[in-house]
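Undergrad: Mind looking over this structure? Questions follow.
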Amino acid sequence: MSSEDDPGAGKVHTEIVFDGMSLPPFKPLRKDVEGRLNAIRNLETRPDDVLLAIYPKSGTHWVWEIVCMLLNGKAEYVREGKESVFLEAMEDINSISSMKSPRVLNTNLPFRWLPKKHVENGGKIIHVIRNPKDVCVSLYYHFIGSGLFVHSDGVQFSDCFEGLFSKEKKPPYGGWFAYEKDFEEAVTTNSNIHVLYFENLKRNPLVEIQRLAEFLQVPHSPELLRDISELCTFSKLKLADDSVKEKTKYKKIVIGANPKFHGDVDKVQYKSFFRKGDIGDWKHHFTVRQNERFNELYENQMKGSKLNIQYE
């Protein structure tokens, strides 16, 4: 279902609206959004698959790298990026059947669209929570920095704020509030979901990486944890993203999200997903009124929630 002409889509919204949420216009979603989401929900997973299910701009690239290192038992960057197993964006979802185990899959889809059998069979799921104010800032820079999304021209921060938090809009992936409420409820009945906070991983990486290793049930010496922690600082990950990662799949997926692009993908300059990764960057962007409004929205929409959101 296309929303290119939807007057309620807003400047920062992508062109696909389905099941009450706006989705990035990746080629598979433009071709058949319902078909791809059903393919994900009906995906045949393996017992040792690890699924990262994380709201956009909340640390998926970061945690994917850490998990891959833990499963490989060595502190070395993998050449391919997480885009190679990004379920809603990869060209042929069936290609994961040829991948060696253990596979680290990833998606930004809400809990109700996760692979059903993976959830029912107790497959491992990792969920990262980042404070939504910083998520909003990161999304804003993602929109204006990529320059590849249909509605990115002339986007203001206020557009991103309204698009992400307003009830009147169809926000990305259903919006942070609904996304995290669903996951919080799911955690109460699914012991296979490991939850970590972006801010805790930033402040206490050794502690959080050890928790991940224990959840994954992999051998982990103090030396391995230390080495992974050192290689996965934000600055080193950003450098590795620029110098180590294979960019072809990234370009095809991200550039392919713009139906107006008609050119040579290989000639497009690569732009890293890593910007700052700071805690509390929202203070440099939110107006006093936006902050007050957000706090009101959070209180109303997250009533009863026990999430420990850290804003600074």
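The values are calculated or read from the model by the stated rules, or taken from the named source; none is laboratory data. The structure presented is a predicted model; accordingly, all values stated were derived computationally and were not measured. For neighbour counting, all protein chains shown are included, and Cβ atoms are generated from backbone atoms with ideal geometry for every residue, glycine included.
Undergrad: When only residues in the stretch 46-63 that are at pLDDT below 95 and more than 16 Å from Pro110 (Cα to Cα) count, which is surrounded by the most Cβ atoms within 10 Å (Cβ to Cβ)?
TA: If we take residues in the stretch 46-63 being at pLDDT below 95 and more than 16 Å from Pro110 (Cα to Cα), then Trp62 is surrounded by the most Cβ atoms within 10 Å (Cβ to Cβ).
Undergrad: Also, quick follow-up: Out of all the residues in the stretch 21-59, which are in contact (Cβ under 8 Å) with a residue 12 or more places away in the chain and of a type in the set (S, T, N, Q)?
TA: Correct list: Ser22, Asn42, Thr45, Ser58.
Undergrad: Something else: How many residues are closer than 17 Å to Pro24 by Cα and either modelled with pLDDT of 85 or more or touching a Pro at 6+ places or on another chain (Cβ under 8 Å) (or both) if we restrict to the stretch 143-159?
TA: 2
Undergrad: Right, another one. Under 6 Å between Cβ atoms, which residue pairs at least 6 apart in sequence (or on different chains) link something in the stretch 106-128 that is among the hydrophobic types (A, V, I, L, M, F, W, C) with a partner that is buried (at least 21 other Cβ atoms within 10 Å of the Cβ) and assigned to a helix (DSSP H, G or I)?
TA: Phe111/Phe183; Trp113/Leu37; Val128/Val63; Val128/Phe198
Undergrad: Quick test for you: out of Lys170, Lys117, pick the one residue that is of a type in the set (D, E, K, R) and at pLDDT 85 or above.
TA: Lys117
Undergrad: Next question, about the same structure. Do you know which residues across the stretch 66-83 are buried (at least 22 other Cβ atoms within 10 Å of the Cβ), touching a Leu at 6+ places or on another chain (Cβ under 9 Å) and among the charged types (D, E, K, R)?
TA: Correct list: Lys82 only.
Undergrad: Next question. What's the total number of residues in the stretch 193-243 that are buried (at least 16 other Cβ atoms within 10 Å of the Cβ), part of a loop (DSSP other than H, G, I, E, B) and not hydrophobic (A, V, I, L, M, F, W, C)?
TA: So the count comes out to 1.
Undergrad: Of the residues that sit in the stretch 66-87 and are modelled with pLDDT of 95 or more and closer than 28 Å to Ala178 by Cα, which one is nearest to the chain's Cα centre (by Cα)?
TA: So, considering only residues that are modelled with pLDDT of 95 or more and closer than 28 Å to Ala178 by Cα, the one nearest to the chain's Cα centre (by Cα) is Leu87.
Undergrad: Among Gly35, Gly20, which is surrounded by fewer than 22 Cβ atoms within 10 Å (Cβ to Cβ), modelled with pLDDT of 95 or more, touching a helix residue (DSSP H, G or I) at 6+ places or on another chain (Cβ under 9 Å) and not aliphatic (A, V, I, L, M)?
TA: Gly35
Undergrad: Can you name the residue in the stretch 86-119 that is among the hydrophobic types (A, V, I, L, M, F, W, C) and assigned to a strand (DSSP E or B) and, of all such residues, is surrounded by the most Cβ atoms within 10 Å (Cβ to Cβ)?
TA: Step by step, filter the stretch 86-119, then rank; the result is Leu105.
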